[in-house]
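Visitor: First the structure, then my questions, so here it is.
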Amino acid sequence: MTTYEFLTTTWRWSFLLLLFCALALVGYFLAFRRRGRLAYLGGALAVFLFALISPVSALADGYLFSAHMVQHILLVLIVPAFLLLSLPRSFSLPRPFTALTHPLIGWMAGVGAMWLWHVPALCNAATTSSAISVIQTTSLLLMGSAFWWQVLAPRDAQRLSPAAGIAYLFTACTACSVLGIILTFAPVSICPVYQQPVDRLGILSSIRGQWGLTSERDQQIGGLLMWVPMCLIYLTAILAQLARWHSGPHPEKSNA
Amino acid sequence: MNGTTTAPASPATLLDPAEHWHHRLAWLSTVDHKRIGVLYLLTGLFFFVVGGLEALVLRVQLAVPKNHFLQPDTFNQLFTMHGTTMIFLVVIPVGLGFVNYFLPLQIGARDMAFPRLNAFGFWLIPFGGILLHFSVLAGGAPAVGWFSYAPLSETPYSSTLGVDYWAVALFVLGIGSVATAINIIATVICRRAPGMTMRRLPLFTWINFVNAFMIILALPVLNAGLAMLLIDRQLEGHFFLPFHGGSAVLWQHIFWAFGHPEVYIMVFPAFGIVSEVIPVFSRKPIFGYAFVAASSVAIAVLSMGVWGHHMFTVGMGRAANSFFAISSLLIAIPTGVKVLNWTATMIGGRLRFDVPMLFCIAFLIQFLLAGITGISHAVVPLDWQTKNSYFLVAHFHFVAVGAIVFAFFAAVYFWFPKMSGRMLSERLGKWTFWLMVIGFNMTFIIQHFLGLLGMPRRVFTYPNLPHWGWMNMLSTVGVLFMAAAALFLVWNLAVSFFRGKIAGDNPWNAWTLEWATTSPPPHENFHALPPIRSRRPLWDIANPDRPDPVVGENTSEIESPDKTKTGILTFIVSEAAFFAILLLAYLYFYARPQPGPGPRELDVPRTLVFSLCLFASSFTLWRSEIALGRQRRGSMLGWLVLTITLGGVFLVGQGMEYWKLFQTGVDVSTNLFATSFFTLTGFHGLHVFLGLVALLIFLWLAWRGDFAPGRSSAFEAAGYYWHFVDIVWVFVLLTVYILPLAR
């Protein structure tokens, strides 16, 4: 299979996923009517679908660790962020969930989502078993949401103060960078499934030859993705915190 | 506050001779931030002359082809000392000196948060400087470059003690910088005057506040690497020695993981200075305060993740190169934002071309060039061609001299009146400026072309190839101009200190708080502070009809947390960085097992038992704190004794582990597992021991009944540290003992 064929034919249109998204859209309308911020929800669903049906998903399914990492980052950082942004200001968490809004839990969820699913056994299992894969996807979305809640909750009062938010994001960035560094420099495969892929799509020769992605280089790219671009996402959030801080209360001129 | 000048009362008229002698001697024992700041600056100036003379000798050697003025080894020693001196004994101390003097003044504080820690941080600098230079007497200065690449820096290739002194000196200097950075953070957080909210901080203060975070995160990385290097050299460890399975590239990773943030650590004080001087001499507030402030944070965060661009030529692989290229290009954005802010501040302003401003304008132009050649080094193919040539030498001297030294000169001319009460001579200042501009550009612009013509760096001489001769000669002649400029500066300082024009409180009509007090400021800094509602309190006083808009909420209330806790938390962050490097190094070698003993030799069940003791001690210490809070002295002492016992038991357990390993012939030099195991657990054990010493001191104090109500914060702070040491052990236990079980 050539690269062009691969990019055009491996979209995995899943009826269930599309149904899920449609239901989410309908549910959103019923819950928030016109108070919601639809563009953000659209973004969340688009990224969600892209992560799970595009060729990235086909590659993540046993071929490339780096593609898995792209999927992972999209699901844990991008989709939940858009989801939280789409909530109207009036939104409040139902009672039982408010316990999850402690900053420590949010931090552990965000960092844990990175570390936990890269324990070799779990990483392997999520790639080989579709049931565990579903659990993984769900857990990533939930943990990502718990993480971002501290920063992107609908109302200002529910969020961390800018200074605390910066510390929260910076430490999370560091914790994930450490994992990225370990993945980048590990001489052994963290997720051994990707070492000897089962070539269901007949694309392996292109990947190894034309794209030049040996399994070592593949894992290195995966680690670097977690290390560098992911930190840029956190950095963007840090800058947003600074912007929020500097655009804080402006008193009337007459007070001066 | 009315701008009239009273000459500072001379101590000679007030004190009898014995007191006068003591007053002068007090410079040695001072804990006053202003005096310490001056000491920093004088130390920096002294080593600037030393490092400059070294540079002069190096350039004389390079003036003509095939020169034999210096022996190759002497050249290497001089260029190592030049780099190390300029970075660790000039740029860092001078930056910290200005911060020490002016940061407390700018925020209306009486002193730094921890005056004695401040003195400690300073005195480590001469101590480190002496250690470094003592190597000359102990068999020869280091000759391995300021980067000290392994394996050249290892015993088989550098057998004299030079590298050891180098490493110990840098270790000491690193501790000093971290101590001062902790002090800066605690001062800004806990010692601001009423009304000086974080959003109203002058940019010099803000930028150096951010810088302090870089220092506490980056310097421990170097110190971890230096500790490993010393263990290699002194205890025959194997970290960076390839033929025992060690990794020379790991040294480069550790060094540049420190080294790149270090570049920004050096340049941030310069950014701060320029952000103060340009607005004052443009008679306009800074353009886009929030952008300058936020871009500093962006640079600080990015700087931690771009070190790979120092290693493109090492062979990290195409994947790593690409990522580091992108992140290195990105860092140009916040830096560019700053340059735009400074330029835009000047546009439409009423520019005054006094000497400080002249240096800042030269800074802008030269820093722009440094940035452009800097970006070229983020482009991997170009970097491959130019990295090991004089092009790179030119680039980093454009940063180090063209930007940093020029900004420091600006700061000297800007703030000398405040420090001494007298103006520096403008006429001599202009001589310094023009000699500096001509000399600097003559020396370093041509080096770009030398590099592009292929002249490699770090060579002691070169063949007579077309153009190389006259280009090098031009470069050397430029150094003479710079040396003359330095002479003019020293002359100006000396003459103006005694005979300069009296400055008055605010000679430049500046707006930040350091200009609201006398020149020099009294011991307690301020008799009374003006109201602070904006970033330019002195503007508001001078222009009551059109004050700056109030920044943030119109309040003079500020939060000031407990300084001891803030300090210890900051210290913990820097310790965490240190242990993170040791842990990562352990993992690095764990994943590449060598023949010989491995984790299987370790007694996991016994260690788990002793670990439980350590974890229990966190609980007992917590109980002790509660007892202290409830004023139950007996209970507090009991829990504290139990804590110390449990900690001691843990150390005994570690001792047993070590003893068993020694019995079976395993020590630091056995193989890489042993080297990394003993280093990691040894440093942890050392921290437990120091924690125990601290707790014993507290036990003694509590025994004497020293803990009055409201004095428990120090005890809580010590508790934080103890808990931190326990948490480190969780990670060590998981990595060293539990991880191998999963295999």
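Visitor: Any idea what the relative contact order of the stretch B:254-352 is, in percent, if you count C-alpha pairs under 8 Å spaced at least 6 apart? It would help to have the intermediate numbers written out before the result.
Guide: Values: 87 pairs, mean separation 44.3, N = 99.
Reported as a whole number, the value is 45 percent.
Visitor: How big is the charge dipole of the protein assembly as shown about its Cα centre, in debye rounded to the nearest 20, if each Lys and Arg gets +1 on its Cβ and each Asp and Glu gets -1 on its Cβ? Numbers along the way, then the final one.
Guide: Numbers: 58 positive and 41 negative charges, 403 e Å.
The dipole of the protein assembly as shown has a size of about 1940 debye.
Visitor: Can you tell me the order of B:245-255, A:122-132 when each peptide is scored by its average per-residue count of other Cβ atoms within 10 angstrom, highest first?
Guide: B:245-255, A:122-132
Visitor: Still on this structure, please answer the following. To the nearest 0.05, what FRET efficiency results for B:Asn388 and B:Lys66 with a Förster distance of 22 Å applied to their C-beta separation? Walk me through the intermediate numbers first.
Guide: Details: r = 21 Å, r/R0 = 0.94.
After rounding, the FRET efficiency stands at 0.60.
Visitor: Radius of gyration and Dmax for the stretch B:663-743's Cα atoms, expressed in Å?
Guide: Cα-based Rg and Dmax for the stretch B:663-743 come out at 17.6, 53 Å.
Visitor: Testing the spin-label approximation: label points 7 Å from Cα along Cα→Cβ at B:Phe498 and B:Ile375. State their distance in nm.
Guide: If labels sit at B:Phe498 and B:Ile375, their model points lie 5.1 nm apart.
Visitor: Can you list, largest first and rounded to whole Å, the semi-axes you get for chain A by taking the square root of 5 times each eigenvalue of its Cα gyration tensor? Can you show the working numbers first?
Guide: Values: eigenvalues 245, 98, 52 Å².
Gyration-tensor ellipsoid for chain A: 35, 22, 16 Å.
Visitor: Anything over 25 Å Cα to Cα? Flag those among B:Lys66/B:Lys387; B:Lys34/B:Lys284; B:Lys338/B:Lys563; B:Lys338/B:Lys418; B:Lys34/B:Lys430, in the order listed. Working shown, then result.
Guide: Working: B:Lys66/B:Lys387 23 Å; B:Lys34/B:Lys284 28 Å; B:Lys338/B:Lys563 32 Å; B:Lys338/B:Lys418 27 Å; B:Lys34/B:Lys430 27 Å.
Listed pairs above 25 Å: B:Lys34/B:Lys284; B:Lys338/B:Lys563; B:Lys338/B:Lys418; B:Lys34/B:Lys430.
Visitor: For the stretch A:57-170, taking Cα atoms only, what is the radius of gyration to one decimal and the Dmax to the nearest whole Å?
Guide: According to the Cα coordinates of the stretch A:57-170, Rg and Dmax are 15.1, 44 Å.
Visitor: Moving on. Given an 8 Å cut-off on Cα distances and at least 6 residues of separation, report the relative contact order of chain B as a percent.
Guide: On the way: 1131 pairs, mean separation 109.9, N = 743.
That works out to 15 percent.
Visitor: Excluding B:Ile626 itself, what net charge comes from residues whose Cβ is under 15 Å from its Cβ, given Lys and Arg +1 and Asp and Glu -1?
Guide: Details: positive: B:Arg623, B:Arg630, B:Arg632, B:Arg633; negative: B:Glu625, B:Glu716.
Net local charge, B:Ile626 excluded: +2.
Visitor: Over all directions, what mean area does the Cα convex hull of the protein assembly as shown project, stated in square nanometres?
Guide: Details: hull surface 181.5 nm².
The directionally averaged projection comes out at 45.4 nm².
Visitor: Sticking with this structure for a sec: Sort largest first and round to whole Å: the equivalent ellipsoid semi-axes of the stretch B:576-742, each the square root of five times a Cα gyration tensor eigenvalue.
Guide: Values: eigenvalues 243, 42, 31 Å².
The equivalent ellipsoid of the stretch B:576-742 has semi-axes of 35, 15, 13 Å.
Visitor: Taking Rh as the Kirkwood radius, which is the inverse of the mean 1/r over Cα pairs, what is the Rg/Rh value for chain B? Mind dumping the intermediate values first?
Guide: On the way: Rg = 27.2 Å, Rh = 27.7 Å.
Reported Rg/Rh (Cα atoms, Kirkwood Rh): 0.98.
Visitor: Using Cα pairs closer than 8 Å and at least 6 residues apart in sequence, work out the relative contact order for the stretch B:525-671, in percent.
Guide: Values: 77 pairs, mean separation 25.9, N = 147.
The value is 18 percent.
Visitor: Counting Lys and Arg as +1 and Asp and Glu as -1, what is the net charge of the other residues whose Cβ lies under 11 Å from the Cβ of B:Thr155? Write out the running numbers ahead of the final one.
Guide: Details: positive: B:Arg233; negative: B:Glu154, B:Asp164, B:Asp232, B:Glu236.
Residues close to B:Thr155 contribute a combined charge of -3.
Visitor: Another question about this same structure. Please report the orientation-averaged projected area of the stretch B:450-524, defined via the convex hull of its C-alpha atoms, in nm².
Guide: Details: hull surface 38.3 nm².
It is 9.6 nm².
Visitor: At 7 Å along Cα-to-Cβ for each site, give me the label-to-label distance between B:Arg600 and A:Arg155 in nm.
Guide: 6.2 nm
Visitor: Now, a different point. So, counting K/R as plus one and D/E as minus one, what does the shell of residues with Cβ under 11 Å around B:His309 add up to?
Guide: Details: positive: B:Lys387; negative: B:Asp383.
Local net charge: 0.
Visitor: Can you give me the three principal axis dimensions of the stretch B:283-344 from its C-alpha atoms, in Å, biggest first?
Guide: So the three principal-axis extents are 51, 18, 13 Å.
Visitor: Here is a further query. For the stretch B:472-576, what does the equivalent ellipsoid look like in terms of its semi-axes, each the square root of 5 times an eigenvalue of the Cα gyration tensor, given largest first in whole Å?
Guide: Values: eigenvalues 286, 141, 56 Å².
Calculated on Cα positions only, the semi-axes equal 38, 27, 17 Å.
Visitor: Using the Cα centre as the reference, give the magnitude of the dipole from point charges on the C-beta atoms of chain B (Lys, Arg: +1; Asp, Glu: -1; all else neutral), rounded to the nearest 20 debye. If you can, show how the numbers build up before the last one.
Guide: On the way: 44 positive and 34 negative charges, 216 e Å.
Around 1040 debye, computed over chain B.
Visitor: Which whole-number value in Å³ per residue fits the convex hull of the alpha carbons of the stretch A:25-75? Can you show the working numbers first?
Guide: Values: hull volume 3.6 nm³, N = 51.
Cα-based convex hull of the stretch A:25-75, divided per residue, equals 70 Å³.
No lab work stands behind these numbers, since they all come straight from the coordinates. Remember, predicted model here, so these are calculated numbers, not experimental data. Note that we place each Cβ from the backbone using ideal geometry, even for glycine, and neighbour counts take in every protein chain shown.
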